[in-house]
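What follows is one structure encoded as structure tokens, with my remarks underneath.
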Amino acid sequence: SDIGDLINKLKINDVLLAIPSSSRAKRFEIIASLETFPVHVRVLPSVSDLAGGRVTADDLQEVSIEDLLGRDTVMPDKKLLSKAVTGKVVVVTGAGGSIGSEICRQIVNLKPKKLVLYEMSELALFSIEKELSSLSTLQTDIYPVLGSVNNESRLSNIFKHFKVNTVYHSAAYKHVPMVEYNNTEGVNNNVFGTLCSAQAAINCDVETFVLISTDKAVHPTNTMGATKRC
């Protein structure tokens, strides 16, 4: 509770968080309290890492994304994830985007029957298809398909042709300043693109449809958040 006064009084530049046994929530609370000060915050490794000999007390680490989460990390349940993927025909919309491409990487590890990469950017589609096809462990047929989520007939044709079981809908404009500058395209892609994708999935009896990109949908303060909430 005195850290603020100490930083100002002693002109502190570095803060070392040496409470390796503290919970993630407690670390977040401390880090958050230091956010307004011009200091470099680093943390001591966890007790389990120290006890396991993987690191020493001298191995100070930069603050990680997990430290900023404010809660303990929830580990993925592989059995739960595999239910909609393993042995299934899966489509990822926006497959070449930052979120879509990572979903594709995770999906191929769960051994789907087929993975359809649906993406409107030729370069993004080329990049993710090339990356996945180069995996030595790949046991899945990959199909790169160019198309817009606003094209319902195109989506329906793809869903029917491949007899799709699962859709992960991650195609969305996500950068707040860009969507604020291009309001109508943000609404067109995020709202009506999602509607087209969902309607095509319904019409083609797709078993599972998962909307991935819901960031900033709670109490939105910008157009992008409003499109996600809608």
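Some points to look at:
- Contour excess over end-to-end distance, with Cα ends at SER133 and ALA217 and 0.36 nm allotted per residue: 26.8 nm
- Cα-based reach from LYS11 at 27 Å (exclusive), listing lysines while leaving out same-chain residues under 8 positions away: LYS26
- FRET efficiency estimate (nearest 0.05) - Cβ-Cβ, GLU102 to LEU6, R0 45 angstrom: 0.65
- For LEU146, net neighbour charge (Lys/Arg +1, Asp/Glu -1) across residues whose Cβ lies under 15 Å away: -1
- Under the Karplus curve 6.51 cos²θ - 1.76 cosθ + 1.60, θ = phi - 60°, whole-Hz ³J(HN,Hα) for region 219-225, x wherever Gly or Pro sits: 6, x, 10, 8, 4, 4, x
- Accessible area per residue was computed with a 1.4 Å probe on protein heavy atoms; LYS216 scores about 100 Å².
- Pairs exceeding a 25 Å alpha-carbon distance, out of LYS111/LYS160; LYS163/LYS228; LYS111/LYS216; LYS88/LYS130; LYS79/LYS113: LYS163/LYS228; LYS111/LYS216.
- The length gained by stretching the chain between LYS79 and GLU207 to full extension, at 0.36 nm per residue less their Cα-Cα distance, is 44.3 nm.
The values are calculated or read from the model by the stated rules, or taken from the named source; none is laboratory data. What you see is a predicted model; the values in this text were computed from it and never measured. Every residue, glycine among them, receives a Cβ derived from its backbone with ideal geometry; neighbour counts consider all protein chains shown. Ligands, DNA and RNA are stripped out before the accessible areas are found, and what is left, the full protein with its side chains, is counted by its heavy atoms. Shrake-Rupley method; radii C 1.70, N 1.55, O 1.52, S 1.80 Å.
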